[in-house]
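Read through the structure below, which is laid out as structure tokens, and then see the notes.
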Amino acid sequence: MKKLLLLLIAPFIMGSAMAQSAKKILDNTADTFRKSSGTVVSFTATQQGARHAVKPITGIITLRNNSFALDSDALKAWFDGTTLWTALEGSGEVNVSNPTSEEIQAINPMHFITLYEKGYDLATKTTKHQGRIAHEVSMKAKKADAGVQEMVIIIDKSLNTPMQIKVRKGATWMTIDINSYRANQNTPTSAFVFDAKAHPDYEIIDLR
């Protein structure tokens, strides 16, 4: 009887342990990020499953706490934790807004650092990525209407830094390959605010 009971509850025990392990991995990754005086990430983003072909996007994102500055070949953005400035490539305009969390998620490829903390079932396994031992952490939304339905994050096991992020929204997957990850860059807060003097050709459109 005891053996039968153990067989019945074993999957639930293993599932709980796996979720705790995955959360610990993401906690360590988030902690590594939060301790940094500024993190600069070079990335390439590729989309799969879209109705029309979308060319890969390359860019650099600078982050510190809740702030970020994005410079890519499709979009430039600055977010100081409250105000967001966005400029589509070639538009000649900068839109100023107080964004929702969903809007920030759509722009910041590193948003998983806080996203995993609630609303997702977590699982993990060990894998190899680019010749390095890594954690593969899966996040699946508990609610069907979540903005991000699923994420898969490859994390360097020894460095606690992301190597690849896959995000699913609907039937579309976005794969973000981390080309380089540089921590403790002593980034000033001014880096996360749009500098109108440095971009005199941009028309500012305030949507607040």
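The values are calculated or read from the model by the stated rules, or taken from the named source; none is laboratory data. What you are looking at is a predicted structure, and each value in this text was computed from that prediction instead of being measured. Quick reminder, even Gly has a Cβ in these numbers, built from the backbone with ideal geometry, and neighbours come from all protein chains shown. Side chains included, ligands, DNA and RNA excluded: accessible areas come from the protein's heavy atoms. Shrake-Rupley method; radii C 1.70, N 1.55, O 1.52, S 1.80 Å.
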Exercise. Mind listing whichever residues of the range 129-155 are in contact with a Ser or Thr (Cβ under 9 Å, 6 or more places away or on another chain) and farther than 20 Å from residue 117 by Cβ?
Key: 132, 133, 134
Quiz item: Which of the strands (runs of 3 or more DSSP E) contained wholly in the range 124-175 include at least 3 residues that are acidic (Asp, Glu)?
Solution: none
Quiz prompt | Condition broken by residue 183, with the remaining ones in (1) open to solvent by 90 Å² or more (accessible area, probe 1.4 Å); (2) more than 25 Å from residue 86 (Cβ to Cβ) satisfied | solution = (1)
Practice problem: Of all residues in the range 100-123, count the ones that are assigned to a helix (DSSP H, G or I), under 18 Å from residue 163 (Cβ atoms) and of a type in the set (A, V, I, L, M). | Solution: 2
Quiz prompt | Residue pairs meeting the criteria (Cβ under 9 Å; at least 6 apart or on separate chains; first modelled with pLDDT of 85 or more, in the range 102-131; second open to solvent by 90 Å² or more (accessible area, probe 1.4 Å) and of a type outside the set (D, E, K, R)) | solution = 104/66; 122/20
Self-check item: Of the criteria (1) surrounded by 15 or more Cβ atoms within 10 Å (Cβ to Cβ); (2) free of Cβ contacts under 8 Å to residues at least 24 places away in the same chain; (3) on the phi > 0 side of the Ramachandran plot, which one residue 160 fails
Solution: (2)
